[in-house]
1. Given R₀ = 45 Å, what would the calculated FRET efficiency be for ASP126 paired with GLU485, taking r from the Cβ atoms and rounding to 0.05?
2. Going by a ≥ b ≥ c, the root eigenvalues of the Cα gyration tensor, does the range 191-314 fall in the rounded group (a/c under 1.5), the prolate group (a/b larger than b/c) or the oblate group?
3. Please list, in order, the residues from the range 206-221 whose amide nitrogen is less than 18 Å from a point placed 7 Å along the Cα→Cβ vector of ILE159.
4. In the range 140-176, what trypsin sites (Lys or Arg not before Pro) fall in a loop by DSSP, with at most 16 other Cβ atoms inside 10 Å?
5. On a full-extension model of 0.36 nm per residue, what is the gain between ASP317 and GLU47, subtracting their alpha-carbon distance, rounded to one decimal in nm?
6. Using a Förster distance of 45 angstrom, determine the FRET efficiency expected from the C-beta separation of MET295 and LEU89, and round it to 0.05.
7. Tell me, in nm to one decimal, what length is gained between VAL206 and HIS379 on full extension, where the rule is 0.36 nm per residue of separation less the Cα-Cα distance?
Amino acid sequence: MEKNEKAESIDHGVGQFAAEASAAVDDVSLLFDVKDYPEEMHELIIECNRRIDEANNKYRIAKFREDMFAKGMKAGMYFCTFDRDENMLSFEFNEETRQMLGYDGLGDLPNEFESWVKTLVPEERDAVVKLFWDSVRVHRDLPDITHATYRMQKKDGSIIWVTGAGRFIRRPDDGSLEIYMGCYRDITAQQELEEYLKIIEALGKVFNFSLFIDVTDMSYRMISTNEYVEAVPKDPDAIVFLRNIVAASVAESFRQRLYDWLDKDAILASIEEHGSTSMEFYSESAHRWFDGIFMVGDRNEDGSIAHIVYGCQDTTDAKLQSLAQQKKISEFETEIYIDSLSQIHNRKFLDEKLVYEPCQAVVMADIDLFKDINDTIGHQGGDEAIQKVAKLLEQSVRKDDVVIRYGGDEFMIVFFAITREDLEGKLSFLKSELGKITLENNPEIRITMSFGAAFGTELVNNLIRTADKALYESKKIRDTYTVIEI
């Protein structure tokens, strides 16, 4: 591996890697230069240098250990030595490391490099070992002290986060690596706290109301809240608490679906399969639309879900913005979304722009005995009837409401904000105004309509079937209206 490739592997390795310079330890005895002595003395000089080198080694080890502990990194320590070709000669743990990892003495965790390897988390092991050897091979390009944060596995299988400072100790004469030593500190609690604070910070920005829920007993921490939630009695079980909120503040037409959704087993199954599960609803207390969502908070070491997050996001402004954009139909849209005969919106507009918008009521209506009108005065007369009915309907509703030619002589009206009383008043008014329509050359033809209305805060698509059912009831009598409230 080339040097720049090794350095890149360090930059992109597992965990967090950093470095800093250290204080030099240079008050050691110098080696003799063999060239300064006669050849017959070379063997003696080499032996002297060996002993001086050994003494210097012991001195540096003592000084560096002292320096390490002076930095306060006293929880655990590792120590390894290398020959001049930078092959590892020895590896050593101190007892604090064994205690931190749950091992009992030298026999339980021997002083071997493989002992350190087995303490690494299995799925990260190869990457961390590679990082170790890559850093050894490019140590001359690194400062004396490096820092790394990664995970280790204790004897009982539990996982801890550790941060450590490692020191490269190089031989003064040729710069080869002589000793690599470092200290560990268990920062699991700190790491978990930091991750939890990140979750809290993120959720507080995204969600109007949110919970961090323990799936073992459904206990929870409140992360963010609002005045409507605060008015609801608390319960130690998150699901019960959320059901209480539904009962107190959510529009009645949404409650049963939300009650069905708030099932622990179903929620966990959906999260495992899809990553999250969500439900849209309308709050009568806040007069706002919301999306409720469950997603993973964190997992246990075996991969099972430990915590889930519930968040409630206000989507009203986005819905209103979307609706406003849809109502500003461009010239191109006018061509494809306006019925050429009646000059009101067509079925294509309903299907592509309106079916998933929230509204207050949907009305289905058709002209009574329209076939008889066509048979009596011809299709041109029938077209005139459709045009005049469409004009009356369009002029009788607010500009924010939508009138659609659903097909043939059938029409739909979508009311975005209307009370039950005003809806019935509007239908009664339309019934009477229809009697005033006269057709050119056929004043004897009297036009009546049957109306079926579905009233309730819902998506347009969810009200159409109910409105059809109401229309069916009205057509049994004709020239009347039926309202079904959901």
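Laboratory data are not the source of any read-out in this text; all were calculated from the coordinates shown. Everything numeric here is computed off the predicted structure, so don't read it as measured data. Methodologically, a virtual Cβ is constructed for each residue, glycine included, from the backbone with ideal geometry; neighbour enumeration extends over all protein chains shown.
1. The pair ASP126/GLU485 has a calculated efficiency of 0.10.
2. Note, shape of the range 191-314 comes out prolate.
3. Under 18 Å, as judged by backbone N against the label point of ILE159, lie 215 of the range 206-221.
4. The qualifying sites are LYS154, LYS155.
5. 88.8 nm
6. 0.35
7. That pair, VAL206 and HIS379, stretches by 56.5 nm at full extension.
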